[in-house]
Amino acid sequence: MNKKIRWGVLGSGGIAKRRTIPEGITQASNAVLTGVFDVNAEVNRAMAAEFGAAAAESVEALLTSDIDAVYVATPVNVHYEQVLACARAGKHVLCEKPLGMTPREAEEMVTVCKKAGVQLVCAFMMRFHAQHQAALKLIEEGRLGKPVYGRAQLSCWYPAMPGAWRQDPILGGGGSLIDMGGHCIDLLEMFFGPVKRVACMINTSVQSYASEDSAVALLYFENGAMGSVDAFFCIPDNSSKNILELYGSKGSILARGTIGQGAIGEMTAYLEGGDAGYDAQQARATADGLVIAPEPVNMYRAEIEAFSQDILDKKIAAGGMDAGLRSQLIITACYESARTGRCIEIGT
């Protein structure tokens with residue numbers, strides 16, 4: 001029998017309950033759910049019973065149990081202390097984004113994990129979407145040409161709710177920008193490479209809570225490409241089509257519905273090959289383009305399987321600690337830009 005990574009979960013409610021446990025850990029071929037902990041004991045007992053895991057009574061009890069890796073799916077304000085505790089217990093960590101509340105926290109999380117010899121990966125599951133991977137392959141093959149511009153959109157209707165930590169910047173670090181914009185920025189970096197500087201505006205446009213419900217970020221990449229991210233908590237769900245647009249000197253890749261928690265969407269590439277002469281008429285072809293529709297994969301399962309296999313192979317995970325740290329640096333720069341009205345260079 002192939003060895004399986006034994007997983008524990010910190011924060012068994014929320015996204016862990018909805019997606020990562022039922023679709024990811026319990027479905028992965030090289031993983032098994034061993035233990036769970038949540039501050040809501042009733043939810044925790046129910047999750048443990050449903051999936052045949054042990055219900056730990058504390059963080060410490062989970063970390064001293066017979067597990068190899070921990071999925072941290074708690075509110076952002078406790079990521080720092082919990083990731084450090086995992087590392088000191090010798091457990092590999094898959095942490096929901098962002099890594100801590102500040103770049104300083106993220107840097108220390110990375111440092112402690114490295115010293116402990118454990119892996120730390122930020123849970124950017126949208127990287128594993130089959131259509132995103134297909135788009136990345138086209139870009140890496142040069143089919144898009146020189147990257148020029150990218151746009152990523154993720155919005156939803158998220159009204160005020162008692163106890164919702166994403167609506168309190170003290171608990172979540174911010175609102176729509178850090179929660180949903182972080183995924184979009186990470187995707188654009190996966191496609192176009194590192195962001196060099198940012199400009200950003202945020203606002204509380206509709207909702208009544210302290211965190212921003214509206215955010216637009218402009219990105220300038222090291223390779224000269226530009227990008228934009230729009231993330232809102234105040235647009236009705238069906239009115240936001242979660243658009244992804246990637247443009248280059250040889251064409252474009254356009255998608256709707258691939259950004260989000262689902263496994264499918266619509267994606268089409270319009271690739272024109274070699275250099276074209278100037279067309280004064282600016283004619284537009286009516287061809288349908290190349291439909292990109294690979295076999296769908298469950299992103300949560302793919303994420304768990306990839307990380308579990310890296311642990312088994314003693315291989316540094318793709319993206320690894322750097323992606324989570326970079327995300328925190330970029331998000332922090334976006335908030336600074338929104339506060340000061342200036343473009344902000346990304347620290348290293």
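The values are calculated or read from the model by the stated rules, or taken from the named source; none is laboratory data. These numbers come from a predicted model, not from an experiment. Quick reminder, even Gly has a Cβ in these numbers, built from the backbone with ideal geometry, and neighbours come from all protein chains shown.
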| message | One residue is enough: does the range 113-120 have a residue meeting the conditions of a type in the set (D, E, K, R), modelled with pLDDT under 95 and outside the structural domain of V195 (by TED's automatic domain parsing)? | response | yes
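Please tell me if I185 is in contact (Cβ under 8 Å) with a residue 60 or more places away in the chain, among the hydrophobic types (A, V, I, L, M, F, W, C) and farther than 23 Å from G248 by Cβ.
On the way: in contact (Cβ under 8 Å) with a residue 60 or more places away in the chain: yes; among the hydrophobic types (A, V, I, L, M, F, W, C): yes; farther than 23 Å from G248 by Cβ: no.
Judged against the criteria, I185 is not a match.
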| query | Which one is surrounded by the most Cβ atoms within 10 Å (Cβ to Cβ) among residues in the range 329-348 that are polar (S, T, N, Q) and in a helix (DSSP H, G or I)? | reply | T332
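Would you confirm, using the coordinates I've provided, whether V148 is in the same structural domain as Q309 (by TED's automatic domain parsing) and over 21 Å from I304 (Cα atoms)? Break it down into steps so the answer makes sense when it comes.
On the way: in the same structural domain as Q309 (by TED's automatic domain parsing): no; over 21 Å from I304 (Cα atoms): yes.
Against the criterion (in the same structural domain as Q309 (by TED's automatic domain parsing) and over 21 Å from I304 (Cα atoms)), V148 does not qualify.
Can you tell me which residue among G90, G100 is without any contact (Cβ under 8 Å) to a residue 40 or more places away in the chain and either over 27 Å from G289 (Cβ atoms) or crowded, with 18+ Cβ neighbours inside 10 Å (or both)?
Details: G100 fails: without any contact (Cβ under 8 Å) to a residue 40 or more places away in the chain.
The conditions single out G90.
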| message | Quick test of your reading of the structure: C184 fulfils all but one of (1) assigned to a helix (DSSP H, G or I); (2) in contact with a helix residue (DSSP H, G or I) (Cβ under 8 Å, 6 or more places away or on another chain); (3) closer than 30 Å to G273 by Cβ. Name the failing condition by number. | response | (2)
| query | Using beta carbons and a limit of 6 Å, which pairs, at least six apart or on different chains, have the first residue in the range 288-301 and within 19 Å of Y71 (Cβ to Cβ) and the second one of a type outside the set (G, A, S) and part of a loop (DSSP other than H, G, I, E, B)? | reply | M299/H129; R301/Q27
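Quick one: which of Q207, Q153, Q131 is in a helix (DSSP H, G or I), polar (S, T, N, Q), at pLDDT 95 or above and surrounded by fewer than 24 Cβ atoms within 10 Å (Cβ to Cβ)? Full working, then the answer.
Details: Q207 fails: in a helix (DSSP H, G or I); Q153 fails: in a helix (DSSP H, G or I).
Only one candidate passes the filter, namely Q131.
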